[in-house]
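All remarks here apply to the structure that follows.
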Amino acid sequence: MLNTEQLGQRVLRTLDDMKAVDVVDLDVHDMTSVTDRMILASGTSDRHVRALADAVVTACKKAGVQPLGVEGEREGEWVLVDLGDVVVHLMQPRVREFYALEKLWAVTEESRDRERG
């Protein structure tokens, strides 16, 4: 069984192999109890987004990690792959720009830092 770091690295390698665009790896373990790590990446089309998701699922299954869920594969605009400690968001660029998850988590981190300081 892979630990969180190993699982994240496997996902990142797979996304790199599949030519994912703008890959971002966020450590969110201090911000949420839902997951420890979020990996965001863009695909160039609905077909590419679906292929990225399929490759991530296949690579994780080969390593003995069964996804808890995969959502959005049919449309291919935003596919979420829930691997437990790692959640992968694969989106077309316009969808990613609209939802701006990186900014959402950055705001959360900035707010948390202000509360501490």
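Values quoted throughout were computed directly from the atomic coordinates according to the rules given, and no laboratory measurement underlies them. Keep in mind that what you see is a predicted model, and the values were worked out from it rather than measured. FYI the Cβ positions are ideal-geometry reconstructions off the backbone, even for glycines, and counts take in every protein chain you see.
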Checklist entry - Which value, in debye to the nearest 20, describes the size of the charge dipole of the chain about its Cα centre when Lys and Arg Cβ atoms bear +1, Asp and Glu Cβ atoms bear -1, and nothing else is charged? => result 320
Next on the checklist: Based on DSSP loop calls and a cut-off of at most 13 other Cβ atoms within 10 Å, the longest stretch of the chain free of exposed trypsin sites (Lys or Arg not before Pro) is what?
Outcome noted: 20-73
Item to check | Fraction of antiparallel bridges per DSSP, region 4-116 only, in percent to nearest 5 | outcome: 70
Item to check | Top of Met18, Met38, Met91 by mean-square fluctuation, Gaussian network on the chain, Cα under 10 Å | outcome: Met18
Checklist entry - Relative contact order (percent) for the chain, with alpha-carbon contacts under 8 angstrom and 6 or more residues of separation? => result 25
Checklist entry - Taking the Cβ-Cβ separation of Asn3 and Leu104 as r and a Förster radius of 25 Å, what is the calculated FRET efficiency to the nearest 0.05? => result 0.45
Checklist entry - Hey, what does the equivalent ellipsoid look like for region 46-89, semi-axes from the Cα gyration tensor as sqrt of 5 times each eigenvalue, largest first, whole Å? => result 17, 11, 7
Item to check | Cα shape, region 4-116, gyration tensor, a/c 1.5 rule | outcome: oblate
Checklist entry - Of Met91, Leu40, Thr58, which is farthest along the charge dipole of the chain in the positive direction, counting Lys and Arg as +1 and Asp and Glu as -1 at C-beta? => result Thr58
